[in-house]
Amino acid sequence: MPSDSRRLPSLTALRAFEAAARHRSLTRAAEELHVTPAAVSHQVKALEEELGVGLLRREGRGLVPSAPALAALPLLGQGFESLRGAVRLLRPEAEERILTLSVVPSFASTWLLPRLESFQQAHPEIDVRIDTKWGLTDFTRDAVDLAVRYGPGGYPGLFEERLFAEEFFPVCSPRLLAGPRALARPEDLRHHRLLHVDYPPDWRMWLQAAGVEGVDASRGPHFYQTVFALQAAEQGQGVAIGTTALVQDLLAAGRLVKPFELSVPYGHGYHLVCPPPHLQRPKVAAFADWIRAAAHDGPLRPEGASPGLGASS
């Protein structure tokens, strides 16, 4: 008897296969689906038997999809996204109320959180859930609507839009501009503690661009996140490297200053990223419109606050 081509295999088996093929790993697929690797393997084997075709084979420590599997994988991903969209239409009130945003930690604390109240006032019907992490976002596994990522750009298959053109430059407390060892020229940095973050842009890059010699770019405390280096600089503990988005509010408020004129353009920046279909969700479109406008507006200036020495330099 001929098989009915309209009959779908088990959606559980299809979902297990799609996750295993996408991750090239039973273990990572199991973590996403909240089951055991053995359960994923069982579902994939059952699907292979039902379809009469090999889908995944082991190679080294990973999985390699067959040619038919590779051809079907993008369509399956789109299909599951369509199903999720259909389910959201069936329960729109809960789904559309919560916006899950993935953001790198320093950007969240220094730029986003001081501005978030304005979004909440404009859209009280949306509850923002912020997930702070480094690295790429798995929008399906983590149920993330929208992400802000830092880097050079280039996220295949995703919508992306750069929010800021970044430059980097030294920043410090206004207190370091006075006294017997005041910061007047870049060469004066040899008398001050340099504060480091363990990834570019770094002191070596700025000193080279400024043509400064005689300053040891390796000395000084190191921080895992930029926000901690900026806090130490604000407290007068040394001089940090700041980037446009992260220090603009601190400069405008006079809490930090830019002691030297030189700013160096940097190819990295903050990008708005998501799967293209997510932009059709009203809550995502609303947040994207808001963050574009907020990025364009520039620094927050507390009412009555002095712009600080660095704000006009």
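Side notes on the structure shown:
- Within segment 214-259, the set of residues being assigned to a strand (DSSP E or B) and among the β-branched types (Val, Ile, Thr) comprises Val239, Ile241, Thr243, Val257.
- Residue match in segment 223-238 (condition: touching a strand residue (DSSP E or B) at 6+ places or on another chain (Cβ under 9 Å), hydroxyl-bearing (Ser, Thr, Tyr) and farther than 18 Å from Pro105 by Cα): no
- A Cβ distance below 9 Å, combined with a sequence gap of six or more or placement on separate chains, defines the contacts here; from segment 266-280, residues that are in contact (Cβ under 8 Å) with a residue 40 or more places away in the chain reach residues that are among the basic types (Lys, Arg) and surrounded by fewer than 16 Cβ atoms within 10 Å (Cβ to Cβ) in the pairs Gly269/Arg162; Tyr270/Arg162; His271/Arg162; Leu272/Arg162; Leu272/Arg292.
- Neighbours by Cβ (under 6 Å, 6+ apart or cross-chain): first from segment 112-137, at pLDDT 90 or above; second surrounded by fewer than 12 Cβ atoms within 10 Å (Cβ to Cβ): Asp127/Arg97
- Under the condition of being in a helix (DSSP H, G or I) and either in contact with a strand residue (DSSP E or B) (Cβ under 8 Å, 6 or more places away or on another chain) or outside the structural domain of Leu189 (by TED's automatic domain parsing) (or both), the residues counted in segment 159-179 number 3.
- Single match in Ala210, Ala217 (criterion: in contact with a helix residue (DSSP H, G or I) (Cβ under 6 Å, 6 or more places away or on another chain), surrounded by fewer than 17 Cβ atoms within 10 Å (Cβ to Cβ), assigned by TED's automatic domain parsing to the domain that holds Thr110 and at negative phi): Ala217
- Qualifying residues in segment 40-72 (those that are part of a helix (DSSP H, G or I) and of a type in the set (D, E, K, R)) - the one surrounded by the most Cβ atoms within 10 Å (Cβ to Cβ): Glu48
- Breaking point among (1) more than 20 Å from Ala147 (Cα to Cα); (2) surrounded by fewer than 19 Cβ atoms within 10 Å (Cβ to Cβ); (3) out of contact with any strand residue (DSSP E or B) (no Cβ under 9 Å at 6 or more places or on another chain), for Glu261: (3)
The values are calculated or read from the model by the stated rules, or taken from the named source; none is laboratory data. Note that this is a predicted model, so its numbers are computed, not measured. Note that we place each Cβ from the backbone using ideal geometry, even for glycine, and neighbour counts take in every protein chain shown.
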